[in-house]
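The values are calculated or read from the model by the stated rules, or taken from the named source; none is laboratory data. Remember, predicted model here, so these are calculated numbers, not experimental data. So basically every Cβ, Gly included, is an ideal-geometry build from the backbone, and we count neighbours across all protein chains shown.
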């Protein structure tokens, strides 16, 4: 069945000298002897290219999957923790002045978040440093705050303890918490870049594999009458099928990953900063209401409100939130919060005017500020919960889209290697 | 890809495969050309105010470029840190609201590295030709131009010329200040920036540089932060604080607070930026006509050191009309009328030729000080490095804890790590 017909080249040169027997034998020798040798080389090249491609592609995929899991298990929770720590601490500072011992709840919450963050952090990193710094300062802060509470009947002592506590919080603890938050938010970005990076090496290896397979087929077709080699054809199909699977799975996973990134960004870069800005603005408002000169706190208040919702929510953290939320419900929430922020500002201006005019009791009777703040704070907390739940769904879908692809890639490329080896082996047999 | 190209089936498959995979992996789309009719210029409230330089330059542009998009000035909070936070929040989210961003000279690296800016390489030559070197350098990052120099500045010494002649060294300044305050019954020998914020870091660095220190080596790869110079700087601050050379309340004082105290006639000396000069000469100023200015003092046998300040104008990556925004920042940076206007508002221009012609004391002083003004280290991590310096230096100079040697060691190890973890 296997009749080999050598394809004669066009070496009947017009006017060429007649071939000597020796030259003809040499020519035939070269052609007949080298083809199987070449085939063997091709066989080795194809098998190793396919196996190497399989390994490289599987490794790239595994790296991607690991980065995605890392985001879910570590980076996103840390970034969210960092926001929580900051918020709880900023809150404690405002609470201790107004609601006394209630502040302990905030400190406990911050300590809990810090402890959790510590378990997620590599030792000896900048973050670990910041976390232990913050944790180490909390007892000092608590001691000052408790001192203030114990001195309820001694206004001077109380005021000086409160002010010492507040200054420790504002100029040391919160700054460290901010660095912690900034580092985590950056590392979340970096981790997403890693997870979504184009697997260049795997792509090149895959392309090289297909090229090698097609090149081998071309060579065999040129040298023999066999236009189709089942083994090589099968191997090519296997690689192409894998490529299609890859394309579909990686792009689907990439879409989910991009969605999850938007969600986590909405929390760490928009709703989180909005919560912080709102609480800080509220804190400066509260401080203004108990000091002799409320105008001292006005620049802080207005800077923080700008950070919350510059130009009626066109900018600031709420502007960012409106831009980052991807669903109808989210957008509606943001619009409502922007409205509340406007109401807050109006109420605040009214109160501030009264305070400046020395009509403090009338000012204290207006509760628009407090009500608007509470509504904003609650709505923001709801938005964070919603976005974080959606984040987890998205990131899980991103992982599911890649399910089976690592073993699939390995199996597919091993199969391709085997098919290619078999295909060339069939040709080789014909030379024995 | 041409469909009718005589492609060998297999090769087509390869090309397709690569194209498909590449396309699948690239998720970000590019924005098409846009046509904004208004450019929003974000800048701090003091500069954005009715008599501030931003409004004046925007008016100049709007009147002289009727066919180009108008520039609207958007006032951000006064505090530089609040400005940075606000812009960072919006840019992080990719929000297109702000087109032209006023960046403090130390923010270039951070903003460029975060991908928030459009580079200005295509107008680089025109800007470089006319700008002073230090401000121009401050607008570059990794060899590319990311912003157009707008205003410059350097720390200078203000003094009451009716009371003192300023000595040349810091050590003498302390004695002269204490003595003059005592003699004239003035509260404060010296006001400056002592609160725990960027301003204190600048004051500290000026002492540190003046003592011969450098934070990083020239290409920013090795930590220098010479312990000797740093300890010297902290000890100087500590003793100025203890001896009452620093004003009461120095430890919560910002530029604005220092200015108010000096303007009220409560201080002999002040370290501040050039913009204060004009405000001290206003009618409401109690020291009008009695204010002298000079370069900052030195430490015996060492070179003078003033921190470089000022703002550069960058174009947001999310600007709707990048072309017009670039035209505007180039205008603000290289138009002679615009830059001379700045001089009239006691801001230091960045354009060299704006210093030519009849000059008042301030312009003369700046022409001498600016060429040697020291930039803070260009690094995208400046915010956290500055924070660490604040955390260490502030308690060390106000309360002895940590000891200056430990504070310096802590800063050093932070700097080492921030280089490693970058």
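Computed values, structure above
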quantity	calculated
Among the candidates A:315, A:330, residue that is touching a residue at least 60 places away in the same chain (Cβ under 8 Å) and within 14 Å of chain B (Cβ to nearest Cβ)	A:330
Checklist (1) modelled with pLDDT of 90 or more; (2) touching a strand residue (DSSP E or B) at 6+ places or on another chain (Cβ under 9 Å) applied to residue B:419, failing item	(1)
Hits in segment A:237-263 (condition: buried (at least 18 other Cβ atoms within 10 Å of the Cβ) and within 14 Å of residue A:417 (Cα to Cα))	A:238, A:239, A:240, A:242
Residues being out of contact with any strand residue (DSSP E or B) (no Cβ under 7 Å at 6 or more places or on another chain) and within 24 Å of residue B:349 (Cα to Cα) - total across segment B:246-259	2
Checklist (1) surrounded by fewer than 24 Cβ atoms within 10 Å (Cβ to Cβ); (2) within 27 Å of residue B:69 (Cβ to Cβ); (3) within 14 Å of chain A (Cβ to nearest Cβ); (4) in contact (Cβ under 8 Å) with a residue 60 or more places away in the chain applied to residue B:118, failing item	(3)
Residue count for segment A:162-195, restricted to those that are more than 7 Å from chain B (Cβ to nearest Cβ) and touching a residue at least 24 places away in the same chain (Cβ under 8 Å)	22
Any hit, segment A:289-298, residues being in contact with a helix residue (DSSP H, G or I) (Cβ under 8 Å, 6 or more places away or on another chain) and facing chain B (nearest Cβ under 9 Å)	no
Failed item, numbered, when residue B:271 is tested on (1) without any contact (Cβ under 8 Å) to a residue 24 or more places away in the chain; (2) closer than 21 Å to residue B:361 by Cα	(1)
Selection within segment B:204-239 - within 23 Å of residue A:168 (Cα to Cα) and surrounded by 22 or more Cβ atoms within 10 Å (Cβ to Cβ)	B:204, B:234, B:237
From the options B:269, B:262, B:236, residue that is assigned to a helix (DSSP H, G or I), within 17 Å of residue B:184 (Cβ to Cβ) and in contact with a helix residue (DSSP H, G or I) (Cβ under 8 Å, 6 or more places away or on another chain)	B:262
Residue list for segment A:215-271, restricted to those being within 30 Å of residue A:70 (Cβ to Cβ) and not in a helix (DSSP H, G or I)	none
Residue within segment A:146-168 that is under 25 Å from residue A:78 (Cα atoms), crowded, with 21+ Cβ neighbours inside 10 Å and within 35 Å of the chain's Cα centre (by Cα) present	no
Residue check, residue A:202 within 11 Å of chain B (Cβ to nearest Cβ), out of contact with any strand residue (DSSP E or B) (no Cβ under 9 Å at 6 or more places or on another chain) and crowded, with 21+ Cβ neighbours inside 10 Å	yes
Scan of segment A:162-206 for residues that are under 30 Å from residue A:49 (Cβ atoms), in a helix (DSSP H, G or I) and touching a helix residue (DSSP H, G or I) at 6+ places or on another chain (Cβ under 7 Å), ordered by number	A:194, A:195, A:201, A:202, A:203, A:205, A:206
Any hit, segment A:229-236, residues being at the interface with chain B (Cβ under 10 Å from one of its Cβ atoms) and either crowded, with 17+ Cβ neighbours inside 10 Å or more than 30 Å from residue A:423 (Cα to Cα) (or both)	yes
Residue list for segment B:391-410, restricted to those being assigned to a helix (DSSP H, G or I) and surrounded by fewer than 22 Cβ atoms within 10 Å (Cβ to Cβ)	B:395, B:398, B:399, B:405, B:406, B:409, B:410
Among (1) farther than 15 Å from residue B:200 by Cβ; (2) within 12 Å of another protein chain (Cβ to nearest Cβ); (3) touching a helix residue (DSSP H, G or I) at 6+ places or on another chain (Cβ under 6 Å), the one test that residue B:389 misses	(1)
All positions within segment B:145-166 that are surrounded by fewer than 24 Cβ atoms within 10 Å (Cβ to Cβ) and over 20 Å from residue B:374 (Cα atoms)	B:160, B:161, B:162, B:163, B:164, B:165, B:166
Subset of segment A:410-420 (residues that are in contact with a helix residue (DSSP H, G or I) (Cβ under 7 Å, 6 or more places away or on another chain) and farther than 14 Å from residue A:233 by Cβ)	A:410, A:412, A:413, A:414, A:417
Out of B:377, B:395, sole residue that is more than 18 Å from residue A:130 (Cβ to Cβ), out of contact with any helix residue (DSSP H, G or I) (no Cβ under 7 Å at 6 or more places or on another chain) and modelled with pLDDT of 90 or more	B:377
Among the residues listed as A:61, A:46, A:52, the single one being surrounded by 20 or more Cβ atoms within 10 Å (Cβ to Cβ), more than 23 Å from the chain's Cα centre (by Cα) and touching a residue at least 60 places away in the same chain (Cβ under 8 Å)	A:46
Listing of strands (runs of 3 or more DSSP E) fully contained in segment B:67-185 that carry 2 or more residues being at pLDDT 95 or above and within 30 Å of residue B:368 (Cβ to Cβ)	B:100-104, B:148-154, B:156-160
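Each row is one residue, and each column tells you yes or no for (1) within 11 Å of chain B (Cβ to nearest Cβ); (2) more than 30 Å from residue A:36 (Cα to Cα).
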| position | (1), (2) |
| --- | --- |
| A:217 | yes, no |
| A:222 | no, no |
| A:244 | yes, yes |
| A:258 | yes, yes |
| A:281 | no, yes |
